Amino acid sequence: MCGIVGYVGSRSASPILMNGLRALEYRGYDSAGIYISGAGAMKRAGQVSALADALPASFEGTCGIAHTRWATHGAPTEVNAHPHTDGEESVWLVHNGIIENYADIRAELVKDGATFKSDTDTEVLAALIAKKYTEDMLLEDAVAAALKEVRGTYGIAVASTREPEKIVAARLASPIMLGIGTDGYYVASDATPILKHTREVVYLDDREMAILTPDGYRVTTLSKEVLQKEVETLEWDIESAQKKGYEHFMLKEMMEIPDAIENTLRGRLVPASGEVNLGGLRDVLPRIKNAKRIVITACGSAFYAAQAGELLIEELTGIPVETVLASELRYRRNTMDPNDTILFAISQSGETLDTLEAIREAKRHGILVLGVVNVVGSSIARETDAGVYNHAGPEISVASTKAVISQMTVLALIAILMGRNNGLSLPDGERLVKEIARLPELARKVLEGHEKIQEIAKKYSDTTGAFYLGRKFQYPVAYEGAIKLKEISYIHAEAYGAGEMKHGPIALIEPAFLSVVLAPEDSMYEKSKSNMQEIRARGGRILAITTEGKEEDLKGLADDVLSVPKTGELFLPILTTIPLQLFAYYVALRRELPIDKPRNLAKSVTVE
Ligand code: GLU
């Protein structure tokens, strides 16, 4: 999920790789490392500058690989940083992604006498390649043999002491590109580290590998079939390369939502038994099964994801669930009973101070605290008793998008897991697992409609204020929509349960006022329509979010209608959130605001 850069050629690799790592820093990372043939490896936790300070002047050579790590398996320490190697230190590997079956492979390798230094999945892959790399073999054949045994995702670059002038790269669902220079060849996870050296690039596709030497490069399949790949010329400057050509990180990250959901679900669904497997909760499952009360705490958008989770867990388990703002929970009298209450704490960064303090307070009372965190090894990940990682990938835009969706997805997984322990039947479990597995594909469809959302956003970008209204499962979505609009477009927006509007807020409705109404075809559909009637009767403008097939039905009621594909009502919030995030983005774009860094806000809020 983070950065890779490699070089082989006639120049000195060390400055190319270190500058490459600096160019990759924009992604966010927790540690960095470099391997150069003939010089060895060096790694550091923390900043690339710490690695640069540690490198001796003699760290020289013409072939090497380097990495910025964004931990998924094992804390962000020096030992866990890449490159990883085998016991003999013959194979050196940098890796982005996740080897899902690393535990099984590791157990097999241990039987053969292998020992491991780190907690990473990557080290296991290095050892597997080394095992395949028998005396008569070439590095690329060993890599191909090893990759045939792994499940998961990878973008890798591999070097070896036996063939010191060679890099082998490969990809599966984690990007890798080659740079064709005049004095050497480059490999990288995105264009930023190589743009200074060359604009001629070759993109690897899934299950392809590349073999780079000072004399040339080859791209093959894992079965050695040689491929003729097109060399493309990059038009991007560094900044647009960081954003993959999108104007803002926020837009890039919304476009990554389907991948984020896919990575959140990866390896966690058990379709045959309608169950969910969350490795991070395994040790506490008996206590989860015993729970009589669930509390979820978070701040900001994570709090709205928590509210979506509250409804799902309650619906599927029948256990009472409540959400409490972290900044409130820590000062309230504790009523949570350590014997049967579980506290879930949600934070993208894992550093949110309010949430951390709420966790500490709950732990003082002996409560079992479970984290839902995106950043591995963060404070919340360390201080909670157990938890689930989002695996949504780094998020740079201050306004959270893909991470919120991933949080909602994790809570949906937790709801199914707990549901199956609390009377949710096998057929219902099977149906829900099937439905959730389709969400990446459906999210992709929602994103395809971004141009229409942009058109509509233009129309409303002058509104002085907005209501976001939703009922039942769509109630938290309304809050997420409103906070997003506030954060980046600076338009005053308020969310309400749609039924609550008539108890006061309706006084604000007048012709210029916008109401965004969540009205998908769910159990609340007719009620939501009535609420639209009430707004209509007072001349307010309405943007309705519905499900496919209901557009016509709402045309007479709403000024504009956006629709998402149909799915069961429990998971619809994951889809209806997406057009609201896009809407906020396009309104802010129209208003020419600094979208990725809105005024007064910080990405990770480490103050009280
Ligand atoms: N799964 C690997 C690790 O945790 C790769 C992390 C990354 O993509 O940066 O070390």
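The values are calculated or read from the model by the stated rules, or taken from the named source; none is laboratory data. Just so it is clear, the structure is predicted and the values come from calculations on it, not from any experiment. Backbone-built Cβ (ideal geometry, glycine too); neighbour counts: all protein chains shown. Please note that ligands, DNA and RNA were not included when accessible areas were found on the heavy atoms of the full protein model with its side chains. Shrake-Rupley method; radii C 1.70, N 1.55, O 1.52, S 1.80 Å.
A rounded overall shape is assigned to the stretch 2-240, the ratio a/c of its alpha-carbon gyration tensor axes (a ≥ b ≥ c) being less than 1.5. Identify all lysines with a Cα-Cα distance to Lys117 below 16 Å; exclude those on the same chain that are fewer than 8 residues away in sequence. Straight-line reach from Lys117, under 16 Å: Lys43. Placing a label point 7 Å from the Cα of Glu100 along the Cα-to-Cβ direction, no residue of the stretch 374-411 has a backbone N closer than 13 Å. Here's the list of aspartates and glutamates a cross-link from Lys148 could span, going by alpha-carbon distance under 17 Å and ignoring same-chain residues fewer than 8 apart: Glu100, Asp104, Glu108, Asp121, Glu123, Glu140, Asp205, Asp206, Glu208, Glu225. Hey, if you put +1 on the Cβ of every Lys and Arg and -1 on every Asp and Glu Cβ in the chain, which of Thr77, Ser347, Gly28 ends up farthest toward the positive end of that dipole? Sorting the options by dipole projection puts first Ser347. Considering the options Ala437, Leu370, Pro286, tell which one lies farthest towards the positive end of the dipole of the stretch 244-437, charges being +1 on Lys and Arg and -1 on Asp and Glu at the Cβ, about the Cα centre. The listed residue farthest towards the positive side: Pro286. Sequence-ordered 3J(HN,Hα) estimates for the stretch 292-300 from the Karplus curve with 6.51, -1.76 and 1.60 and θ = phi - 60° stand at 10, 8, 10, 10, 10, 10, 5, 9, x Hz, glycine and proline given as x. Relative to the Cα centre, the charge distribution of the stretch 244-437, modelled as +1 at Lys and Arg Cβ and -1 at Asp and Glu Cβ, gives a dipole magnitude of about 420 debye. For Trp236, the shell of other residues with beta-carbons less than 14 Å away shows a net charge of -2, using +1 for Lys and Arg and -1 for Asp and Glu.
You can think of it this way: the chain between Thr221 and Arg287 has 19.0 nm of extra reach, that is 0.36 nm per residue less the Cα-Cα gap. In this Cβ point-charge picture (+1 for Lys and Arg, -1 for Asp and Glu), the stretch 2-240 has a dipole of about 220 debye about its Cα centre.
Distance between the 7 Å Cα→Cβ label points at Asn339 and Gln533: 5.1 nm.
Atom-type composition of the exposed protein surface of the stretch 244-437 places 46 percent of the accessible area on carbon and sulfur (1.4 angstrom probe). Rounded to the nearest 500, the helix-only mean residue ellipticity at 222 nm of the chain stands at -11000 deg cm²/dmol, with each DSSP H run of n ≥ 4 adding -39,500 (n - 2.57). Within the accessible area of the stretch 2-240, the carbon and sulfur atoms contribute 48%, probe 1.4 Å, all protein chains present. Once the dipole of the chain is set up with Lys and Arg at +1 and Asp and Glu at -1 on Cβ about the Cα centre, which of Gly113, Phe513, Pro164 lies farthest towards its positive end? Going by the charge dipole, the pick is Phe513.
Heavy-atom accessible area for Val79, with the other protein chains in place and a 1.4 Å probe, reaches approximately 70 Å². Taking a point 7 angstrom from the Cα of Tyr331 along the C-beta vector, which residues in the stretch 339-353 have backbone N less than 17 Å away? Correct set: 353.
Scattering from the stretch 446-594 was approximated by placing one identical point on each alpha carbon and applying the Debye formula without solvent; log10 I(q)/I(0) at 0.15, 0.17, 0.20, 0.21 1/Å stands at -0.66, -0.86, -1.25, -1.39. The H on the amide N of Thr62, modeled in the peptide plane, is under 5 Å from the matching H of Ala13, each at least 5 residues off or on a different chain.
Over the C-alpha trace of the chain, radius of gyration and Dmax come out as 25.3, 81 angstrom. Summing Cβ point charges (Lys, Arg +1; Asp, Glu -1) relative to the Cα centre of the chain gives a dipole of roughly 1160 debye.
Taking a threshold of 29 Å on the Cα-Cα distance, which of the pairs Lys434/Lys603; Lys555/Lys603; Lys252/Lys289; Lys458/Lys555 fall above it? As for pairs spanning more than 29 Å Cα to Cα, those are Lys434/Lys603; Lys555/Lys603; Lys252/Lys289. Need one word for the stretch 392-447: rounded, prolate or oblate. Basis is the Cα gyration tensor (sqrt eigenvalues a ≥ b ≥ c); a/c below 1.5 gives rounded, then a/b vs b/c decides. Oblate shape, in that a/c is at least 1.5 and b/c is the bigger or equal ratio. In sequence order, the stretch 88-94 has phi-based couplings of 8, 6, 9, 10, 10, 9, 10 Hz under the Karplus curve 6.51 cos²θ - 1.76 cosθ + 1.60, θ = phi - 60°, and Gly or Pro positions carry x. Treating r as the C-beta distance of Asn277 and Ser10 and R0 as 41 Å, the FRET efficiency rounds to 0.25. Residue ranges 419-431, 207-219, 578-590 sort as 578-590, 207-219, 419-431 when ordered by packing (mean number of other C-beta atoms within 10 Å per residue, highest first). Annotation: peptides 132-138, 486-492, ranked by per-residue average of other Cβ atoms within 10 Å with the highest first, follow the order 486-492, 132-138. Judged by the gyration tensor of its Cα atoms, with axes a ≥ b ≥ c, the stretch 244-437 is oblate; a/c meets the 1.5 cut and b/c is at least as large as a/b. Average accessible surface for the chain: 38 Å² per residue, computed with a 1.4 Å probe over protein heavy atoms with every protein chain in place.
Taking 17 Å as the straight-line reach from the Cα of Lys196, the aspartates and glutamates in range (excluding those fewer than 8 positions away in the same chain) are Glu25, Asp183, Glu232, Glu235, Asp237, Glu239. A straight chain from Glu230 to Arg151 at 0.36 nm per residue would run longer than the Cα-Cα distance by 25.7 nm.
Counting only DSSP beta bridges whose two residues both lie in the chain, roughly 60 percent are antiparallel. Given their separation in residues at 0.36 nm each and the Cα-Cα distance between them, Ala107 and Arg382 gain 96.5 nm when the chain is fully extended. Which net charge results when you count Lys and Arg as +1 and Asp and Glu as -1 among the other residues whose beta-carbon is under 13 Å from that of Val516? For residues surrounding Val516, the net value is 0.
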